[in-house]
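Structure record follows, encoded as structure tokens.
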Amino acid sequence: DGGITQSPKYLFRKEGQNVTLSCEQNLNHDAMYWYRQDPGQGLRLIYYSQIVNDFQKGDIAEGYSVSREKKESFPLTVTSAQKNPTAFYLCASSIAAALSGNTIYFGEGSWLTVV
Amino acid sequence: EDQVTQSPEALRLQEGESSSLNCSYTVSGLRGLFWYRQDPGKGPEFLFTLYSAGEEKEKERLKATLTKKESFLHITAPKPEDSATYLCAVRLLQGAQKLVFGQGTRLTINP
């Protein structure tokens, strides 16, 4: 089946640890995104990538890092510098970031909890 | 500042009771307006894209409309399986790489 696969579904992080969330898509989409969702707030953009080996910061990039070495993959690392990482993380993709009105499709999400 | 506001925050209806959800936006330029459905613990599922004022899209019991200031998601004769959070998002003319989301409307349909 074509789609966006995020793993793991649930992840627990200890204070001071870095953790990496995986995102893979087989839709042949050029653009990929990471959003964060907190209760009572809209989705907020962390990072996005329009093409392999290139990515840009979104609205809340501090404490996060990404890489885009392959078209299909866009992993997100939550570093120890992120002070409040407990949230629901959503990976998304679209045909091309800059074209008018291209729909952004989402994965099933990953829950990260700090323990 | 670009802003998207959804109302109401939560809505509880009886099965078969039609209603509308509102998404108002204040943005510098609109490239497209998107509606998504999100079930608890899941990623948003794409429903509709609207591009210009006057446009309408329909899918089963849902109909989305767009004006220059707001969009409505009309739900006709809803069923319990329509219970979900409905998210509205706009894609801007400037910085078209991202969507600006509203906080969502949590819809509950009682049997």
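Computed from the coordinates by the stated procedures, all read-outs in this text should not be read as laboratory data. Model, not experiment: these values are computed from the prediction. Glycine also receives a Cβ, built like all others from the backbone with ideal geometry; neighbour counts cover every protein chain displayed.
Looking only at residues in segment B:53-83 that are surrounded by 16 or more Cβ atoms within 10 Å (Cβ to Cβ) and of a type in the set (Ser, Thr, Tyr), which one is nearest to the other protein chains (Cβ to nearest Cβ)?
Looking at the filtered set, the residue picked out is B:SER71.
For segment B:84-111, which residues satisfy the criterion of being among the small types (Gly, Ala, Ser) and surrounded by fewer than 18 Cβ atoms within 10 Å (Cβ to Cβ)?
B:GLY95, the sole residue that qualifies.
If you scan segment A:8-19, which residues turn out to be of a type outside the set (Asp, Glu) and exposed (fewer than 15 other Cβ atoms within 10 Å of the Cβ)?
A:PRO8, A:LYS9, A:TYR10, A:PHE12, A:LYS14, A:GLY16, A:GLN17, A:ASN18, listed by residue number.
Tally up the residues in segment B:35-52 that are over 11 Å from the mean Cα position of the chain (by Cα), at the interface with chain A (Cβ under 9 Å from one of its Cβ atoms) and not charged (D, E, K, R), please.
Total meeting the criteria: 4.
Please identify the pairs in which a residue from segment A:73-95 that is closer than 17 Å to A:LYS9 by Cβ and touching a residue at least 12 places away in the same chain (Cβ under 8 Å) has its Cβ atom under 8 Å from the Cβ atom of a residue that is aliphatic (A, V, I, L, M) and in a loop (DSSP other than H, G, I, E, B), counting only partners at least 6 apart or on another chain.
Final answer for the pair search is A:LEU90/A:LEU43; A:ALA92/A:ILE104.
If I ask for residues that are assigned to a loop (DSSP other than H, G, I, E, B) and either in contact (Cβ under 8 Å) with a residue 12 or more places away in the chain or touching a His at 6+ places or on another chain (Cβ under 7 Å) (or both), which ones from segment A:15-40 would you list?
Within segment A:15-40, A:GLU15, A:GLY16, A:GLN17, A:ASN18, A:ASN26, A:LEU27, A:ASN28, A:HIS29, A:ASP30, A:ASP38 meet the criteria.
Looking at B:LEU93, is it within 14 Å of B:GLN38 (Cα to Cα), among the aliphatic types (A, V, I, L, M) and within 11 Å of chain A (Cβ to nearest Cβ)?
Taking the combined requirement at face value, the residue does not satisfy it.
Which residues, counting only those in segment B:1-19, are more than 16 Å from B:GLU70 (Cβ to Cβ) and not charged (D, E, K, R)?
Passing the criteria: B:ALA10, B:LEU11, B:LEU13, B:GLN14, B:GLY16, B:SER18.
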